[in-house]
Amino acid sequence: MKFFALVVLLALCASAFASFEYLTEFNGSRPGENIDMYTFSQPSGLLYAGGKLYVTDFGRSALFVMNGTVREKAVLTSGTDSNFARPLRMFYENGTVYVADGNSGKIKVFTGTSIVDTWNPGSSMQIASSLYMDKDYAYIADMGAGRLYAYSRVTHNYDHIAVDAGAADGRLESPADIHLYKGIYYVSDSAKGMIFAYDQNFTFLSSIGRGRGGITLTSPRGFDIYDDQIFVADTTSQRIVVFTLDGYPIEVLNASTAGGNFSYPEDVAVGDGVVWVADTYDGVVKEFAHAPLSGNDTVEQAIVLANYTVGQLHSMEQAAAKLRIQFSATNADEYVSEAQEDYGNFLFSSASVLAAKAKDEATAGQQLLSQAIETKVKQLVKAANDKVAPYRPAAPTGEIAAQFAQFDNKVADANAKLAARSYSSAADAANALSPAADALISAIGNKTALDQEASANRTLRDFQLELSGVSLRLSSVKGGYAAYRQEANFSNADSLIAAANASAVQGDFVSANRSISLARTEIDASELALQAISADVDSGIANITIIERGLNMTAAKTTLLPADLSQERSLIAQSYQTVYSNPQLAVAMATQASVAAESKMKDAQALSLAVASVLSIVGAIVLIAGAFWIHLMRRRSKKKSGEDEAHSPKPRVAEVHRPQEAESHRHEEQHKPKIWRDD
């Protein structure tokens, strides 16, 4: 067993974690000074360089230079372009401080005494929040536009977009700060609640702060990287969170620590064992001592557990080797070694993943070996018992009884160690049984006399009856394998039974007993294997039958347009065939058929409903049209009857011409109102 890895882990476990100790806080004023304009209003950016702490103040639009806790210089706003407009974070290079001047969208260049230059990137820059510069470009974060711009250091003009805005990981919404550390760019996005990592071509690599290790960032603004640790000001959560470079949270500084009751901290700076926090809404900068990071409890425990599991696997591999069991090596040792290496480099996330892989590989290897070891030990115990069985007297006495008791104790010891899962000890005990059986047989006395006595105790008829029973068991096992469509080679068992019969016919019952004992061992092993196979197949058939019943119930649903479930029924039929070779796949096929049938039936029901609706509408239209046609025909019939009556000749009545009556009639006709009739 390998002890080196465990020794390393124990040494790591003995180390201490990083810790914060509150030292002091200051507001930018000098001792005895009582001038409000020279105190912090809303400190928003921190930069520790050259033994000095530079503090930008968003509220006063000012830059403070602090030597320890004492103000060395303050650059205040005076309304000219040489001063600030809501400055945020800074970049230091060769004694010069470059300030991202928030609202003006400009970069102010401060040499330690005054602002000597102003870069005007152009109208596209909305809120300059931070910057980082290499030999060619200044990379400026724009919180307003949600972009990271690249500006030429030669022309001070826009060159290209390094990282664009967008919803995907790696795209930006509100970038707040940027740093380069060991070839990796890190950019905080306060709106997305994450820190994104990029390579030097700004290709997205990973994100930090999305719930790993139980920490989710809400509004990361300023951050600093020091000694392979990322210190993040999580502003709206009122805390400072410390991550490893691969994003594993290792410590939180908040109200639970003395001095950690912040009010919207905007930035953090680290150097010389000190952590400074811009406690923005409290108008102070707080100072904490910080001990070096040495480890993480959770990850250490995971690696220790992985080591323990791998150690158990090695013990079982040794036991398997003693029993001459073949096995394949795992990658567990490599995973543990890599986990320890990453842990030493403070890559806790990677170390945790590798430790889990090592544990899983070792556990899987243990399961396989435990089954093989238990089977082999049981076979050795049974073989030893069967070897001495023909020589065991019905009622042993004296020295023979003591020798058999000693052998039985060894058998019991092997079984007890196996039950206790002490596999290495069980292997040793099982391997010792066969020599013990041989020694017992030799110690009992003259082997020939014992063989003759054993032969005298059984007749050929008795043995052949027993042999018949073994043959029937073998036939039953063969039938079981055939019923479950499994291939198996029983030629060795057949040969042993034939050899036992031949030995018995010749009167050599000792050899016959040994042959039949070996045949029983093979049959027992085949029965055990068949039981496992039959359990899986029977379970699969039962599940497929239930699924098929459900499919039939689905198919029995009445629809106007029936669903075609022929493919699904065919798939069910195929699953019944597949279950003998792969029960899990067969159940999956049946499940797929059931799901597909249910979907088709839903589609058929929906289509039937639509067709029924259309037919109902068409029927209603036909009824309405018929009724209208009948009504129209009746109107036409009445109209025609009226016209026929109007044109039919009426009988004339003889008129008696009376002059006075005729004159009166004419007068009435002239003054009678006319009635117009539209025929």
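The values are calculated or read from the model by the stated rules, or taken from the named source; none is laboratory data. These numbers come from a predicted model, not from an experiment. Using ideal geometry, Cβ is built from the backbone for each residue, glycine included, and neighbour counts are taken over all protein chains shown.
Taking the criterion of being touching a residue at least 24 places away in the same chain (Cβ under 8 Å) and over 45 Å from the mean Cα position of the chain (by Cα), the residues of the stretch 471-498 that qualify are 471, 473, 474, 490, 492, 493, 496, 497.
Just one residue in the set 134, 142 is touching a Leu at 6+ places or on another chain (Cβ under 9 Å), touching a residue at least 12 places away in the same chain (Cβ under 8 Å) and surrounded by fewer than 15 Cβ atoms within 10 Å (Cβ to Cβ); that residue is 134. Can we say residue 477 is surrounded by 13 or more Cβ atoms within 10 Å (Cβ to Cβ), in a helix (DSSP H, G or I), touching a helix residue (DSSP H, G or I) at 6+ places or on another chain (Cβ under 8 Å) and modelled with pLDDT of 85 or more? For residue 477, the condition - surrounded by 13 or more Cβ atoms within 10 Å (Cβ to Cβ), in a helix (DSSP H, G or I), touching a helix residue (DSSP H, G or I) at 6+ places or on another chain (Cβ under 8 Å) and modelled with pLDDT of 85 or more - is met. Identify the residue in the stretch 499-530 that is hydroxyl-bearing (Ser, Thr, Tyr) and in contact (Cβ under 8 Å) with a residue 24 or more places away in the chain and, among all such residues, is nearest to residue 376 (Cα to Cα). Per the criteria, the residue is 521.
Considering the stretch 367-421, and only residues there that are at pLDDT below 85 and among the β-branched types (Val, Ile, Thr), the residue that is nearest to residue 525 (Cα to Cα) turns out to be 400.
Note on the stretch 65-179: enclosed strands (runs of 3 or more DSSP E) holding 1 or more residues that are more than 29 Å from residue 271 (Cα to Cα) and either of a type in the set (Lys, Arg) or at pLDDT below 95 (or both) are 147-152, 158-163. The residues in the stretch 195-249 that are in contact (Cβ under 8 Å) with a residue 12 or more places away in the chain and either in a loop (DSSP other than H, G, I, E, B) or basic (Lys, Arg) (or both) can be counted, and the count is 19. Candidates in the stretch 598-612 are the residues that are hydrophobic (A, V, I, L, M, F, W, C) and closer than 15 Å to residue 551 by Cβ; of these, the one that is surrounded by the fewest Cβ atoms within 10 Å (Cβ to Cβ) is 604.
The residue that is farthest from residue 425 (Cα to Cα), counting only those in the stretch 280-306 that are at pLDDT 85 or above and polar (S, T, N, Q), is 280.
If you filter the stretch 254-274 down to residues that are outside any loop (DSSP other than H, G, I, E, B) and more than 36 Å from the chain's Cα centre (by Cα), you find that the one that is surrounded by the fewest Cβ atoms within 10 Å (Cβ to Cβ) is 274. Annotation: of all residues in the stretch 500-545 being surrounded by fewer than 13 Cβ atoms within 10 Å (Cβ to Cβ) and either in a helix (DSSP H, G or I) or in contact with a Leu (Cβ under 6 Å, 6 or more places away or on another chain) (or both), the one that is modelled with the lowest pLDDT is 505. Counting only helices (runs of 4 or more DSSP H) that fall entirely inside the stretch 332-433 and contain at least 1 residues that are over 23 Å from the mean Cα position of the chain (by Cα), over 30 Å from residue 517 (Cα atoms) and not assigned by TED's automatic domain parsing to the domain that holds residue 523, the qualifying elements are 332-344, 348-388. Might you let me know whether the stretch 207-217 holds any residue that is in contact with a Leu (Cβ under 7 Å, 6 or more places away or on another chain), closer than 28 Å to residue 286 by Cα, buried (at least 22 other Cβ atoms within 10 Å of the Cβ) and in the same structural domain as residue 132 (by TED's automatic domain parsing)? Checked against the condition, which is being in contact with a Leu (Cβ under 7 Å, 6 or more places away or on another chain), closer than 28 Å to residue 286 by Cα, buried (at least 22 other Cβ atoms within 10 Å of the Cβ) and in the same structural domain as residue 132 (by TED's automatic domain parsing), the stretch 207-217 yields at least one hit.
Looking across the stretch 566-592, just one residue is surrounded by fewer than 17 Cβ atoms within 10 Å (Cβ to Cβ) and either in contact with a strand residue (DSSP E or B) (Cβ under 9 Å, 6 or more places away or on another chain) or charged (D, E, K, R) (or both), and that is 569.
For the stretch 310-324, the condition holds for no residue, the condition being that it is among the small types (Gly, Ala, Ser) and either within 25 Å of the chain's Cα centre (by Cα) or within 30 Å of residue 28 (Cβ to Cβ) (or both).
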